[in-house]
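Okay, structure first, notes after.
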Amino acid sequence: MLLADSRGGATMVVTDAGRPIDVTAAPGWYDAGEPGRLRWWDGVQWTAHETAAPVAQAAPVAQAAPVARTAPAGPTDAVPAPTDPALPPMGWYPVADGPVRWWDGARWSGMRIKDGRPGIDWATSEQPGAAFAFALVFFALGLVQLLLGLVASSVSFAGIPMMLLAGLWFAIALQSFAVRRIPAPSATAFSGDPALHPLPGEVEGTPGGTVAPAGWYPIAPATSRWWSGLRWSQYIGTPFGVRPTFHGAKSYRLLLVTGRIVLAIGVVGLIAGIVMISLGASGADDSILAPVGVFTVIGGVLVAGAGILFLAMSPRQKRILMPPENQPA
């Protein structure tokens, strides 16, 4: 039976055999101390995820069972475990006819190494279905505005920004779905580049002293970052899995620029809608400018709200995307 004892924010895990624990063991399914059962080791600590042990793998798995040393850990729900023990552990893996990509132990992500530099796809989403839903909403709003403009006395182009946003979200959804459909990795994980280290679970420095021990430390709600014992890594634990953040500084700047542009587009649409409503109200009774103006105002408010949301989220996104300047408290 596996026993867990928590004291002072640290976790010590032992087995019936009382073997010493190797914290450097790779994430994977290991003998949980119960016949016929495996438990998920996330590279740092045992999790609550268990599965049935394949009969053929029971013996070798038992030989590699890790045991965790004391180390403060971040939220355990920030690093979900895969449900299939046959899948390879997290890491950077080569993809056929594509760049080396980050595999989180369950699925591919939008993080990749291109031209020797780790980064992120130009368009990616952790929830492709949500991206597709956003695309449909913006497409519907833009289509209504364009149709109302076509039957007005003068053609209105107020729906064009909405259609552009719809196209962007469609592209994000398609790219994300395409990455998810890539077959699981079958080659050896790529880890030779020193710039990719420290990897999640990798411990550096000498334990003890005034330096915080290695572990996952919370940096935002439901988000933690791996501290190697010497420096912050570029890997965070999220509800979607472990994700690299080498693209952090660039993405943060892009977030600020995008928020300001979207907010400006929304304000312009709002002003244009108000002008149309005013002209329609003062014109002929059958003028369609007023209905067009109403939809333009609605679209402007939605777009401006999205821009404000982008800017409001920027402080939290900065904490997530960029490693802290100081060591964990």
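The values are calculated or read from the model by the stated rules, or taken from the named source; none is laboratory data. Given the structure is predicted, the values throughout are model-derived calculations rather than measurements. Ideal geometry is used to build each Cβ from the backbone, glycine not excepted, and the neighbour counts take in all protein chains shown.
Count of the stretch 122-133 residues, restricted to those that are at pLDDT 90 or above and over 12 Å from the mean Cα position of the chain (by Cα), is 5. Of everything listed in (1) surrounded by fewer than 21 Cβ atoms within 10 Å (Cβ to Cβ); (2) within 18 Å of residue 251 (Cα to Cα), the single unmet condition for residue 107 is (2).
Restricting attention to the stretch 138-183, the residues that are more than 23 Å from residue 289 (Cβ to Cβ), β-branched (Val, Ile, Thr) and at pLDDT below 90 total 0.
Remark: pairs (first residue in the stretch 248-268, in the same structural domain as residue 316 (by TED's automatic domain parsing); second residue aromatic (Phe, Trp, Tyr) and modelled with pLDDT of 90 or more; Cβ separation under 8 Å; 6+ apart in sequence or on different chains) are absent.
Here's the yes/no breakdown for (1) in a loop (DSSP other than H, G, I, E, B); (2) over 28 Å from the mean Cα position of the chain (by Cα); (3) over 22 Å from residue 137 (Cβ atoms):
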residue: 257; (1), (2), (3): no, no, yes
residue: 268; (1), (2), (3): no, yes, no
residue: 320; (1), (2), (3): no, no, yes
residue: 329; (1), (2), (3): yes, no, yes
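The requirement of being over 30 Å from residue 133 (Cβ atoms) and either assigned by TED's automatic domain parsing to the domain that holds residue 297 or not polar (S, T, N, Q) (or both) is not satisfied by residue 168.
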